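Read through the structure below, which is laid out as structure tokens, and then see the notes.
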Amino acid sequence: MNCRDAETLIEAYADGEIDRPQADSVRKHLLACPSCAARHDELLALRTRIRAEAPRYSAPPELRARVHATLDAMDPRPPARSRPADDRWRWLTAGALAGCAATVLAWLVGTTFVDWRANEDLAAEAVTTHVRATLGNQLIQVASSDQHTVKPWLSARLDYSPPVRDLAQDGFALAGGRIDYLDRQPVATLVYRVRDHTVDVFVRPQSARAPPSALRTVRGFNVAHATGSGMDWLAVSDVSAVALASFVERLAREAGAP
Ligand SMILES: [Zn+2]
């Protein structure tokens, strides 16, 4: 094997995609030829870097469940009666159904995946926003534990009116609020203190999008989500995940109550 032959095979060889006799010839050539060996090392290094640096996403369990549910729903039932004249028609409709199933499946996988990715990004963005506000001392623009002060201040600066509630009796004392940005939209941000921790709660009108998973951890911060009172509630803090989740659920449930 000469260098020109080797060159065309090195990539496939690095990926383990050529048959054994060819692989043996390439291997022999690499042992004897420093320049092809260097090219091969480069390819391996590149592959390692891509594995290490490219984000990898595995399908979340909700996606798997939805795909199974769709497949079950489209499971063709055997027809109750069968006449020879029906047979061709049955094959035709079965084929059309299979085509539909594939299309629906592709769409479902696509949209669920996009929703899921968007929500992963949203949790990460919420953490970034929280950290930036904390480090930059931009946490509170209206400092008050009084919901009747915080709510109108936020409403005056947004095109919606977020419910505001102090939960000091549960250990989550309202410290104030600010306008921050999430998803490139201004968002009402409520700031609570619990012992020496700070909790940011991003409140925005409930969207039709698939809700984020209830609880996540991003870079050591817990992110908890709840819906209620017509709003999406996204809380970020370094308080325990359990405490944060029960707080945000309670807030979503009770904030809108008179
Ligand atoms: Zn060579």
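The values are calculated or read from the model by the stated rules, or taken from the named source; none is laboratory data. Since the structure is predicted, the reported quantities are computational estimates derived from the model, not experimental observations. Reconstructed Cβ throughout: ideal geometry from the backbone, glycine too, with neighbour counts over all protein chains shown.
How many residues are within 11 Å of the ligand (Cβ to nearest atom) and of a type in the set (A, V, I, L, M, F, W, C) when one looks only at segment 10-35?
6
Within segment 172-197, track down each residue that is of a type in the set (A, V, I, L, M, F, W, C) and under 21 Å from the mean Cα position of the chain (by Cα).
LEU182, VAL187 - these are the residues of segment 172-197 that are of a type in the set (A, V, I, L, M, F, W, C) and under 21 Å from the mean Cα position of the chain (by Cα).
Is there a residue being surrounded by fewer than 16 Cβ atoms within 10 Å (Cβ to Cβ) and either in contact (Cβ under 8 Å) with a residue 60 or more places away in the chain or among the basic types (Lys, Arg) (or both) anywhere in segment 11-18?
No: segment 11-18 contains no residue that is surrounded by fewer than 16 Cβ atoms within 10 Å (Cβ to Cβ) and either in contact (Cβ under 8 Å) with a residue 60 or more places away in the chain or among the basic types (Lys, Arg) (or both).
Scan segment 185-228 residue by residue and report those that are at pLDDT 95 or above and closer than 14 Å to ALA241 by Cβ.
Result: VAL199, single match.
What is the residue count in segment 173-187 for residues that are under 11 Å from GLN141 (Cβ atoms) and either of a type outside the set (Val, Ile, Thr) or buried (at least 16 other Cβ atoms within 10 Å of the Cβ) (or both)?
Total meeting the criteria: 4.
Note down all Cβ pairs under 9 Å where the first residue falls in segment 183-197 and is in a loop (DSSP other than H, G, I, E, B), the second is hydrophobic (A, V, I, L, M, F, W, C), and they're at least six residues apart or on different chains.
Partner pairs satisfying both residue conditions: ASP183/ALA118; ASP183/LEU122; ARG195/VAL239.
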